[in-house]
Amino acid sequence: MTYRSEYELSTTDPIAFWSGAARAIEWARPPAVTLDDRTAPLYRWFLDGVLNTCFNALDRHVRAGYGPRDALIYDSPVTGSKRSFTYAELTTLTAKFAGVLRHLGVGQGDRVLLYMPMIPETVVAMLACARIGAVHSVVFGGFAAPELAARIDDAEPHVIVTASCGIEPNRIVEYKPLLDAALDLAGHAPARSVVVQRPLCEARMSDRDVDYTELMNSQIEPAACVPVAATDPLYILYTSGTTGKPKGVVRDNGGHAVALAWSMANVYDIGPGDVMLTASDVGWIVGHSYIVYGPLLVGATTILYEGKPVGTPDAGAFWRVVEEHRVRAVFTAPTAIRALKRTDPSGEYFQRYDTSSLNNLFLAGERLDPDTYNWATTIFDVDVTDHWWQTETGWPIAANPRGLESLPSKPGSAAVPLPGYAVHILDDSGDRLGADHEGAICLRLPLPPGTLTGIWGDEARYIDGYLNRFPGYYLTGDGGYLDRDGYLFVLGRTDDVMNVAGHRLSSGQIEAAIASHPAVAECAVIGERDPLKGQVPRALVVTKVGHDTTGLSEEILHLVRTRVGAIASLSRVDVVGGLPKTRSGKILRRTLRQLVDGESASIPSTIEDAGVLDELGTILADRSPHESACPDQGVVRP
Ligand code: COA
Ligand code: AMP
């Protein structure tokens with residue numbers, strides 16, 4: 001099999017391609033209908049199939065005799081602890097917690113929200129939900145109480161699972177007070193919250209709280225796997241859109257299992273017994289797909305790493321894990337590699353370890369600049385794979401499919417579209433652009449299995465936000481081009497979404513926090529290039545007449561950290577005389593993005609007062625002190 005033959009089959013006969021891929025999954029009832037297009041532009045994969053995702057991730061491997069194989073290795077430099085869980089042990093724990101959830105009244109289709117750090121209990125809770133057909137929604141632990149409250153109100157969970165704390169290298173983040181504050185803000189009240197007490201910090205329990213360990217030690221019966229429809233939701237994962245309101249991406253069971261299993265073999269080159277380290281967080285899509293579900297679905301061993309690339313304790317942290325656990329593939333964000341490059345430029349820490357087991361380094365979540373790609377390739381002496389995807393797709397859209405066929409790499413490119421994804425570059429009128437022409441990256445419908453089935457509770461938002469702009473296509477929100485060899489170059493978002501250290505944030509989300517300050521009349525937040533984090537948010541603020549601006553910047557910085565979270569920390573705040581707007585009052589964000597990127601700004605004729613751009617041009621040209629070190633981050637434009 002070659003990449004070309006597989007890709008062609010996926011376009012000429014998608015039914016044959018995906019029904020073949022579906023054989024990697026054990027179904028309670030195999031699907032007779034592979035693709036249901038009766039409700040186009042909304043499509044459903046494996047319509048009448050019945051399965052259980054937890055069964056496929058755990059029990060199936062135990063039944064096949066692999067119970068003693070390691071499923072999960074928890075490696076936590078921040079607590080100095082390590083623990084392995086075999087497939088048999090992880091199945092037992094998951095079945096027990098599934099029984100606990102049942103005991104707390106969670107039924108099929110009910111939501112369970114997890115606000116958790118990188119500990120084994122998080123994986124157990126996710127799989128336990130899948131086991132009983134409940135829908136989990138993991139919220140990244142770096143989000144502050146108001147963000148958590150917004151997700152609680154949207155998902156309306158019956159139960160919340162949390163831990164007493166998360167551990168950052170410089171501090172302990174107490175989760176319970178954040179959860180309590182979020183529940184004070186939220187309109188929805190869960191019936192119960194289950195709390196994992198971590199030894200480093202004991203949470204104060206309320207009447208609503210129940211202790212995880214007590215429940216797990218109780219006589220509650222374990223729960224068996226519940227067969228669910230392939231189209232039933234497995235999870236909701238909130239991601240940042242262009243407005244302040246997070247959107248809950250809904251993933252189904254059947255398409256997800258099939259697509260992830262396909263990607264493990266064909267993209268990541270990981271199979272039964274192989275070890276994978278995905279250094280991300282379970283609160284993000286990368287964590288969902290490639291810390292938890294992907295590796296377990298194929299009977300591999302996954303590493304749950306609670307630490308950072310540097311500082312826990314040093315730039316050798318990943319390589320120590322690779323040596324100790326004989327890791328075959330590492331997956332992380334380019335920011336992590338840039339942090340290593342900065343701390344260990346000549347790879348001295350890397351050379352201290354035996355990394356001979358390592359075959360592949362996969363990078364995604366933000367743009368991989370050619371400098372970082374070249375440095376990693378030279379220093380680590382492995383195949384480095386830049387691949388591009390989104391929370392919405394759940395698995396890679398474009399990649400070098402290492403397990404299928406290693407293609408030549410091109411720095412700055414996420415390589416080629418994967419089977420199932422028809423990638424086209426469109427201009428503003430929806431016409432297809434030829435090779436080397438930059439435009440909106442769009443995916444012709446239908447999307448392959450495993451991609452989003454919609455936005456939780458808001459079908460219109462999916463259709464309006466993604467499908468209506470260019471009928472027949474899914475709008476990715478990224479801009480870029482395909483070169484003459486069919487390689488995709490992703491140049492960045494064309495909307496108000498930014499990627500900060502691989503964390504996806506929206507301008508609107510941060511602006512809403514800033515606008516709550518009594519001195520602020522209006523504001524705009526834009527992503528500014530940063531040599532370490534790819535982008536960092538920076539704010540322009542117009543104050544209300546008569547308000548004193550002394551100390552305002554610090555107050556706004558603090559406000560964003562407490563309302564959105566430390567991951568959204570602003571690089572700087574500038575008080576300005578006005579923002580560029582259209583005559584109808586819409587802020588010209590594209591113009592601001594161009595100014596901050598040092599590009600010549602396109603000024604629409606509808607601008608209300610072009611004069612404000614003179615002041616802004618000067619302010620935005622004055623970038624954060626480190627910005628001058630990376631004028632364009634090696635963006636390769638045709
Ligand atoms: N819970 C609570 N706070 C968190 C958090 C979490 N899960 N994750 C990050 N934060 C906090 C950090 O402690 C930091 O707080 P501070 O400003 O008080 O120091 C802030 O959010 C910013 O974090 P981050 O952007 O991660 O920067 P950093 O300086 O702490 O670390 C790197 C820099 C490069 C080490 C880090 O960004 C990294 O590991 N990046 C990899 C990116 C990644 O895995 N992305 C996931 C998508 S693939
Ligand atoms: P998330 O949904 O958090 O995974 O973020 C998805 C967004 O991250 C994409 O729409 C891109 O803007 C960006 N992204 C992810 N991977 C890449 C990549 N390999 N190259 C460029 N941008 C990327």
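The values are calculated or read from the model by the stated rules, or taken from the named source; none is laboratory data. Owing to the predicted nature of the structure, the values given are computational and were not obtained by experimental measurement. All Cβ positions, even for glycine, are placed from backbone atoms using ideal geometry, and neighbour counts span all protein chains on display. Each accessible area value is taken on the protein alone, full model and side chains, heavy atoms only, with ligands, DNA and RNA left out. Shrake-Rupley method; radii C 1.70, N 1.55, O 1.52, S 1.80 Å.
Listed by position, the helices (runs of 4 or more DSSP H) enclosed by the stretch 286-391 that each have at least 1 residues that are out of contact with any strand residue (DSSP E or B) (no Cβ under 6 Å at 6 or more places or on another chain) and away from ligand 1 (no atom under 15 Å from the Cβ) are 294-297, 317-325, 348-351, 370-380.
Matching residues to (1) touching a Phe, Trp or Tyr at 6+ places or on another chain (Cβ under 8 Å); (2) of a type in the set (Ser, Thr, Tyr); (3) at positive phi:
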| residue | (1), (2), (3) |
| --- | --- |
| Thr301 | no, yes, no |
| Pro309 | yes, no, no |
| Thr312 | no, yes, no |
| Glu324 | no, no, no |
| Val327 | no, no, no |
| Thr335 | no, yes, no |
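Of all residues in the stretch 495-524, those that are within 16 Å of ligand 1 (Cβ to nearest atom) and assigned to a strand (DSSP E or B) total 8. Taking the stretch 566-595 on its own, how many of its residues are over 11 Å from Leu620 (Cβ atoms) and assigned to a strand (DSSP E or B)? Number satisfying all stated conditions: 5.
Within the stretch 88-96, not a single residue is in contact (Cβ under 8 Å) with a residue 12 or more places away in the chain and either touching a Phe, Trp or Tyr at 6+ places or on another chain (Cβ under 6 Å) or under 15 Å from Ser193 (Cα atoms) (or both). Of all the listed residues (Gly107, Gly80), the sole one being in contact with a helix residue (DSSP H, G or I) (Cβ under 8 Å, 6 or more places away or on another chain), of a type in the set (Gly, Ala, Ser) and open to solvent by 10 Å² or more (accessible area, probe 1.4 Å) is Gly107.
Residues in the stretch 426-461 that are within 15 Å of ligand 2 (Cβ to nearest atom) and free of Cβ contacts under 8 Å to residues at least 40 places away in the same chain: Cys442 alone. For Gly502, the conditions (1) crowded, with 24+ Cβ neighbours inside 10 Å; (2) touching an Asp or Glu at 6+ places or on another chain (Cβ under 8 Å); (3) touching a residue at least 60 places away in the same chain (Cβ under 8 Å); (4) among the small types (Gly, Ala, Ser) all hold with the exception of (1). Annotation note: of Glu156, Glu168, Glu174, Glu147, the sole residue that is under 20 Å from the mean Cα position of the chain (by Cα), of a type in the set (D, E, K, R) and surrounded by fewer than 22 Cβ atoms within 10 Å (Cβ to Cβ) is Glu168. Among the residues of the stretch 177-206, those identified as charged (D, E, K, R) and crowded, with 16+ Cβ neighbours inside 10 Å are Asp180, Arg192, Arg198. Scanning the stretch 444-492 for residues that are part of a helix (DSSP H, G or I) and farther than 26 Å from Ile236 by Cβ yields no hits at all.
The rows are residues; the columns are (1) out of contact with any strand residue (DSSP E or B) (no Cβ under 7 Å at 6 or more places or on another chain); (2) of a type in the set (S, T, N, Q); (3) open to solvent by 30 Å² or more (accessible area, probe 1.4 Å).
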{"residue": "Pro14", "(1), (2), (3)": "no, no, yes"}
{"residue": "Phe17", "(1), (2), (3)": "yes, no, no"}
{"residue": "Arg23", "(1), (2), (3)": "yes, no, yes"}
{"residue": "Trp27", "(1), (2), (3)": "no, no, yes"}
{"residue": "Ala32", "(1), (2), (3)": "yes, no, yes"}
{"residue": "Ala40", "(1), (2), (3)": "yes, no, yes"}
{"residue": "His61", "(1), (2), (3)": "yes, no, no"}
{"residue": "Ala64", "(1), (2), (3)": "yes, no, yes"}
{"residue": "Ile73", "(1), (2), (3)": "no, no, no"}
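Here is the figure for the stretch 58-89: residues that are outside any strand (DSSP E or B) and hydroxyl-bearing (Ser, Thr, Tyr) total 3.
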